[in-house]
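Let me begin by presenting the structure, written as structure tokens, before commenting on it.
The values are calculated or read from the model by the stated rules, or taken from the named source; none is laboratory data. Everything quoted here is computed from the prediction, not taken from an experiment. Quick reminder, even Gly has a Cβ in these numbers, built from the backbone with ideal geometry, and neighbours come from all protein chains shown. Remember, those area values only see protein heavy atoms, side chains included, never the ligands or the DNA or RNA. Shrake-Rupley method; radii C 1.70, N 1.55, O 1.52, S 1.80 Å.
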Amino acid sequence: MDEKYTIGSQENPDVIDDEEVEAEAEDQNGTHFDDDNILNNGTADSQSQSQLQSDSIDSQKVVDYKTWKKNCPILYDYIQTTSLLWPSLTIQWFPDIDQINSDIVQQRILTGSYSSGNSKIESLNVSSIKYLLNPNNIIGIESHDIIKNEFINNQVQDKLDKISILQKIPHRLEANRARYMPQNPDVIGSICSDGSVSIYNRTKHPNSFNEEEEFKLQQQRQSELLSQSQTMDSPFNEYDEELAGEFCDIKLKFHKSDGWGISWNQQREGELITGASDGLIALWDITKLEKNNNNRSSTSLLNPVTFTTAHDYGVNDLEYLWCHDSIIATVGEDGLLKIFDKRQNLKQVCNENGNNKFVKNPVGINTLSWNKKNEFGISIGDSNGDLSFFDIRDMNKSIKDIKSGHDSGITCLEWNYTNYSVIASGSSDGLVKIWNINDDNEKNNDFDKGLVFVHGGHMLGVNDLSWNPNDKWCIASCSDDNSVHVWKPSIEILNKLK
């Protein structure tokens, strides 16, 4: 990244150095900040914010955050931040978009809740956000409030809402990852901490629920089914009691431990692949569901079509190749990237001499992403914070490596929808970074090579990110600090890509 865009850089007098805010932050160690109207429309719901642990955020992170906040007018064309009641481990833009007027659009975002057991019932949340399509056309330097250090434009301020929940769906456990089905975004799949997968058709569920009432109904249903099973002549369905506590429409019960891998087939409706810490991957087809007449729960149970062992120490992530209906990539704690073919009963893909194709990384690989344009291009992020890029036709050597791209493990990766050399990475170091892997400008080290932008607004680790499919430079990201950020880098920075 060009130094003039680095927070605290002395080469740009407009950028505020962290020394200017260090004293201000000294007495706020461990505090979670609510962002009020960052730029023209960033908001936070202080009433719904849970207090973070006092030792979660160190003093330097507080200083970095306050420095970042003061530099927002320089770094972004658009940013909105919202504090959730609980952190979300997952985030994804829905594909639809509503044009409110020539300047404002409305979109939906999928998130979940992670209360660490503080809530009796977790939730999947479908939220709405209104934002400026072309903020530079409306907001200029005259809109900057010197006292508040924010851009404020009264013409649009009242029309732009914070991220608001449209639908809150009860969920038995926290959703490690939730993704909608590409062919029908109303169908949502989530994989949980016990490795089970829940499938919802959101149109069949109310827009909200009362946690206490729903919890009592859940216990009542379990008690009634157990009582019925003891008086009926037919054998008790072993899944009845468990499914009575479920809220989803279909339960995919197979994995035995924590699961993070879930991916829908982009080419075949109803098909998805899952992976978990048990080292297994399982193939499912919800179109083949047959209602079990012995099942007295409203939730149907589905068995996998097939499964196989993929990694010795657990599957961390997997994904279908976007342009193919049968090719699947997986990564795991064993440091391997593998390719599987559904047409061969999930057999690992071999090279010309008959040996299995795979990449061996020195440390565990946390996440992967297929390029959305180049069918042979794939990227991985590992627990050291390194990124690597491969052509699957020759996996013996990477195309490019970015060493120490992050200070700690990479948690999420995603390629841009329209600029096929651009990828975003999120990390437990609290940063989201945008890279252009075709940037051949020589720097002093590999870390700087191709770095376009750093989003430093999260105060704890980044859990997930999602490129907006309708706005090529807009990203949504979520963090352990309970925040959801929707942001778009400054056009001056992005012009470097041209």
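For the reader, a short list of remarks on this structure follows.
- Accessible area (Å², per residue) of the stretch 370-413, counting only protein heavy atoms and a probe of 1.4 Å: 43 Å²
- Packing-based ranking, highest mean first, of 64-72, 429-437, 352-360 given that Cβ atoms within 10 Å are counted: 429-437, 64-72, 352-360
- Surface composition of the stretch 72-121: carbon plus sulfur atoms hold 49% of the accessible area, using a 1.4 angstrom probe and ignoring ligands, DNA and RNA.
- The packing ranking, built from the mean of other Cβ atoms within 10 Å per residue, places the peptides 398-409, 209-220 in the order 398-409, 209-220, highest first.
- Here the accessible area of the stretch 247-398 is 42 percent carbon and sulfur, with a 1.4 angstrom probe and all protein chains present.
- Around the amide H of Gly112, modelled in the peptide plane, lie the amide H atoms of Leu89, Thr90, Asn125, all under 5 Å away and 5 or more residues distant in sequence or on another chain.
- Rolling a 1.4 Å probe over the heavy atoms of the protein chains gives the stretch 259-361 an accessible area of 45 Å² per residue.
- When each of the peptides 93-99, 363-369, 487-493 is scored by how many other beta carbons lie within 10 Å of its residues on average, the order from highest to lowest is 363-369, 487-493, 93-99.
- Radius 14 Å from Cβ of Thr274, net charge of other residues (Lys, Arg +1; Asp, Glu -1): -1
- Rg ratio (alpha-carbon, reference 2.2 N^0.38 Å) - the stretch 258-407: 1.11
- Shape category assigned to the stretch 451-492 from the gyration tensor of Cα positions, a/c cut at 1.5: oblate
- Convex hull of the stretch 310-364 built on C-alpha atoms - directionally averaged projected area, nm²: 4.1 nm²
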